[in-house]
């Protein structure tokens, strides 16, 4: 994906799934948790929670006039950093190169007991 209003500067590590820098015009910030389309919370394993969370993000972005392809930054909150590899496998089904700039943060807990992942994203509109 190449558009004139988005610039990704890749990480020099060829195995990286994150760009080093992303520049954009306009911002959308959306925080998502593992919810199904009917609003119910997914409290299963990390793979199921990651899929629900990223699908919820996709829907929210599209409603706001953006898309997963326009995500510039993603912050991932995990209650167990050992879940990062499983999250990354799901992440690679929702995103592709150029990878969004991202950070994974280990936290003691999230808003609901049993919730293992939450994301906050910034995306360009359009």
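Once you sort the root eigenvalues of the Cα gyration tensor of region 6-123 as a ≥ b ≥ c, which label holds: rounded (a/c under 1.5), prolate (a/b larger than b/c) or oblate (the other case)? Judged from the Cα gyration tensor, region 6-123 comes out oblate (a/c at least 1.5, b/c at or above a/b).
In a fully extended conformation the segment linking residue 85 and residue 47 would gain 12.7 nm over its present Cα-Cα distance, using 0.36 nm per residue.
Structure remark: mean-square fluctuation, Gaussian network model of the chain, C-alpha springs under 10 Å; the largest value among 38, 83, 13 belongs to 38.
Principal-axis analysis of the Cα atoms of the chain puts helix 84-94 at an angle of about 50° to the longest axis.
A simple spin-label model places the labels of residue 92 and residue 63 3.1 nm from each other, with each point 7 Å out along Cα-to-Cβ.
Between 0 and 90 degrees, the angle of helix 46-63 with respect to the longest Cα principal axis of the chain falls at about 50 degrees.
Since every read-out is calculated from the coordinates, none of them should be taken as a lab result. Because the structure is a prediction, the values reported are computed rather than measured. So basically every Cβ, Gly included, is an ideal-geometry build from the backbone, and we count neighbours across all protein chains shown.
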